[in-house]
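Here's the structure we're looking at; comments come further down.
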Amino acid sequence: MKYGRPTRILHALIAIGISLELLLSLVMKTPRPGRVFTPLQSFGYEAHKMVGMAVLVVLFLHWIVFVTGHAYKGIGHFFPWFSKARTHAVLSDIRELLELKVGDPEQMDSFSGAIEGLGFVVGSILAASGAVLFFGIAENGVMSAAIHSVKDFHEFWGPVMWGYLGIHAGATMVHIGLGHRSILSIFRYSSPPDRR
């Protein structure tokens, strides 16, 4: 798999940022009027806000990579639902997986691309709603009813991202266990030389 360096860097930053955000969410507490924070809860909340804004910037840059046609295999690889041929390829991959056939990711990658696209959307929803909360929650925790609805919406998507991260990491481990080393190319900083 030949990922460009910008894609590999953005992938690493998103993976680190979202993993850190999920871990911080375990120790932080959202401020409320009168709520007293422990030092860890306070640190977790402030760090979650700052890292979240950084992740939003990185996701925005990755969206630019998508829409300018620089994504690996094109934007349709990650969002195949608008193409009959791509959707058929995703369904074909799903049928193979249901028969417990895990093929080489270089050939059987339609379903994984679609799943990555969904994860990217979930991450973008979390980052965008988090940005609304960043500006909408007062220092003492006071928020309007609309901002409270955004907070509930944001909190709904957190477990979805936990599930995505578990599936994504688990699928990577399965591929590595089956000897599909090409899946690790996303983690290389420099492009490997062409072997002809």
Item to check | Expected-Rg normalisation [2.2 N^0.38 Å, Cα atoms] applied to the range 70-109 | outcome: 1.21
Checklist entry - If R0 is 25 Å, what FRET efficiency do you get for N140 and S19 from their C-beta distance, rounded to 0.05? => result 0.25
Checklist entry - Rg and Dmax of the chain over Cα atoms: what are they, in angstrom? => result 19.1, 67
Checklist outcome for this item: One finds, for I176 and M53 with R0 = 25 angstrom and r their Cβ-Cβ distance, a FRET efficiency to the nearest 0.05 of 0.15
Checklist entry - Using Cα atoms only, what is the angle between the long axis of helix 39-67 and the major principal axis of the chain, expressed in degrees (0 to 90) to the nearest 10? => result 40
Next on the checklist: Taking R0 as 30 Å, what FRET efficiency do you get between H168 and T30 from their Cβ-Cβ distance, rounded to the nearest 0.05?
Outcome noted: 0.65
Item to check | Rg and Dmax [Cα atoms of the range 86-128; Å; Rg one decimal, Dmax integer] | outcome: 12.2, 38
Item to check | Additional length obtainable on full extension of the chain from L98 to W81, 0.36 nm per residue less Cα span | outcome: 4.1 nm
Checklist outcome for this item: Taking only the alpha carbons of the range 1-83, the radius of gyration and the largest Cα-Cα distance, Dmax, both in angstrom, are 17.1, 53
Checklist outcome for this item: Under the helix-only model (-39500 (n - 2.57) for each DSSP H run of 4 or more, divided by the residues of the chain), the mean residue ellipticity at 222 nm, to 500 deg cm²/dmol, is -23000 deg cm²/dmol
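Read-outs throughout are calculated quantities, based only on the coordinates presented, and are distinct from any laboratory measurement. Being a predicted model, the structure only gives us computed values, none of them experimental. No Cβ is skipped: glycine too gets one built from the backbone with ideal geometry, and neighbour counts run over all protein chains shown.
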